[in-house]
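To start, the structure itself, in structure tokens.
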Ligand SMILES: [Zn+2]
């Protein structure tokens, strides 16, 4: 029999207790404590667990928390520590309180915690009948998933004060890495190549960088993303690649997408979009649901962007080594397109 302490609307313990089996009959103005713990590794990745497909509520959904109700005599923090250990096998180091929310409809007051852990990534223990799988996810990917997955959407408001700060940092990081891609692209241009650059980031560290080295005369493909994949292949483990983000100055072509997919990288952030880039090509951008297509093939890939797109377009001014203003390049291509249309 699970017994809870009851609290009033100000969060004071009333001295009353309640049986879990009668949760629906908690009197008006009384609450019991529930804890939700968001678990993050010291290297930045978030822990997600997959709910058992036989559960009544949200079967087979990814969730980003351990949690449950506080037992009589337990403080919210003690509850958080116990639940986290029971559900994941991980010890909460110093849980940090993110928010406290009252839910009158369920007579619960939810304490949302953040726990940063410094354990082996495979130290997670699944709980029979509760969870069947887990994964660590890069912050960027986690932030986009949390507004998509049904159960994460519910958890989102509780973690929001913390995730908003994280979002800001991610935006700043995206801009920082994209600027570096643009530098690489211009570098390639100044060497006489097409102006594209790409790099791979794992938890705040740039693992590899690559420039475009395509040579039409020699029939060499040489796209920056392809060169980057080549550098990383057989060098980094699948788990590192899965948690990494590939940044590229321009949305990747289909051949590069396949190369990135085969490398096992699931997160791509691009600077210039397909649509904007097509202003510099004779044809319109092909409007295809690339993520959806890959998903049908069982490949998980998230394409995010554009990032600093205006700046990214100016990178093409260095295309092939000879500087030409963007306006001129676009006007020239518009002419080519018009002629082709005639
Ligand atoms: Zn390509």
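No lab work stands behind these numbers, since they all come straight from the coordinates. Because the structure is predicted, anything quoted here is derived from the model rather than measured. Cβ atoms come from the backbone with ideal geometry, glycine included; neighbour counts cover every protein chain shown.
I want to check the label-to-label distance for residue 220 and residue 28. Put each point 7 Å from Cα in the C-beta direction and report it in nm to one decimal.
Going by the 7 Å Cα→Cβ label model, 7.9 nm.
Output the peptides 156-163, 320-327, 114-121 sorted from most to least packed, where packing is the average of other Cβ atoms within 10 Å over each peptide's residues.
156-163, 114-121, 320-327
In Å, what Kirkwood hydrodynamic radius results for segment 197-342 from the alpha-carbon pair distances?
Result for segment 197-342, one decimal place: 16.3 Å.
With a cut-off of 8 Å between alpha carbons and a minimum separation of six or more residues, what is the relative contact order of segment 75-138 in percent?
30 percent
If one computes P(r) from the Cα atoms of segment 232-318, what percent of pairs lie at distances over 21 Å?
Beyond 21 Å sits 34 percent of the P(r) for segment 232-318.
Report the extension gain between residue 289 and residue 165 in nm, rounded to one decimal, defined as 0.36 nm multiplied by the number of residues separating them, less their alpha carbon distance.
41.6 nm
Rg/Rh for segment 126-273: what does it come to with C-alpha atoms and Rh from Kirkwood?
Rg/Rh for segment 126-273 comes to 1.05.
Helix 150-190 sits at what angle to the longest principal axis of the chain, using alpha carbons and giving 0 to 90 degrees rounded to 10?
The angle comes out near 20 degrees.
To the nearest 0.05, how large is the calculated FRET efficiency for residue 105 and residue 144 if R₀ is 30 Å and r is the Cβ-Cβ distance?
0.55
For segment 261-285 and segment 320-341, write down the distance between their C-alpha centroids in whole Å.
Cα centroid to Cα centroid, the span is 19 Å.
Based on the alpha carbons, how large is the Rg to Rh ratio for segment 103-152 when Rh follows Kirkwood?
With Rh from the inverse mean 1/r over Cα pairs, Rg/Rh is 1.02.
Antiparallel DSSP bridges in segment 1-142: what percent, to the nearest 5?
Roughly 70 percent of the beta bridges in segment 1-142 run antiparallel, per DSSP.
Could you give the angle, 0 to 90 degrees to the nearest 10, between helix 76-88's Cα long axis and the longest principal axis of the Cα atoms of the chain?
Tilt relative to the chain: about 60 degrees.
Only Cα pairs under 8 Å and at least 6 apart count here; give the relative contact order of segment 55-186 as a rounded whole percent.
Rounded, it is 22 percent for segment 55-186.
Counting DSSP beta bridges in segment 197-342, what percent are antiparallel, to the nearest 5?
Around 60 percent of the beta bridges assigned by DSSP in segment 197-342 are antiparallel ones.
Just to be sure I understand: if I project the alpha-carbon convex hull of segment 131-173 onto a plane and average over all orientations, what area do I get in nm²?
With the hull built on Cα positions only, its mean projection is 3.4 nm².
Tell me, what is the percent relative contact order of the chain, built from C-alpha pairs under 8 Å that lie six or more residues apart?
Computed value for the chain: 12 percent relative contact order.
If each residue of separation counts as 0.36 nm, what is the full-extension length gain between residue 314 and residue 238 once their alpha-carbon separation is subtracted?
Net length gain for the segment: 23.9 nm.
So for the chain: antiparallel DSSP bridges make up what percent, rounded to the nearest 5?
For the chain, the DSSP antiparallel bridge percentage is about 65.
For n ≥ 4 DSSP H runs only, could you compute -39500 (n - 2.57) per run for the chain, divide by its residues and tell me the 222 nm figure to the nearest 500?
Per the formula, -10500 deg cm²/dmol.
For segment 176-228, what Kirkwood radius comes out of the mean inverse Cα-Cα distance, in Å?
11.1 Å
Against the longest principal axis of the chain, how steep is helix 326-341, in degrees 0 to 90 to the nearest 10, with axes from Cα atoms?
80 degrees
Across segment 70-185, how large is the tail of the calculated P(r) beyond 26 Å, expressed as a percent of all Cα pairs?
Within segment 70-185, distances greater than 26 Å cover 31 percent of Cα pairs.
More than 30 Å apart: what percent of Cα pairs in the chain qualify?
So the portion of pairs separated by more than 30 Å is 47 percent.
State the extension gain, in nm to one decimal, for the chain segment bounded by residue 8 and residue 130, taking 0.36 nm per residue of separation less the distance between their alpha-carbons.
40.8 nm
Which distance in Å, rounded to a whole number, links the C-alpha centroids of segment 288-312 and segment 235-253?
Segment 288-312 and segment 235-253 have Cα centres separated by 12 Å.
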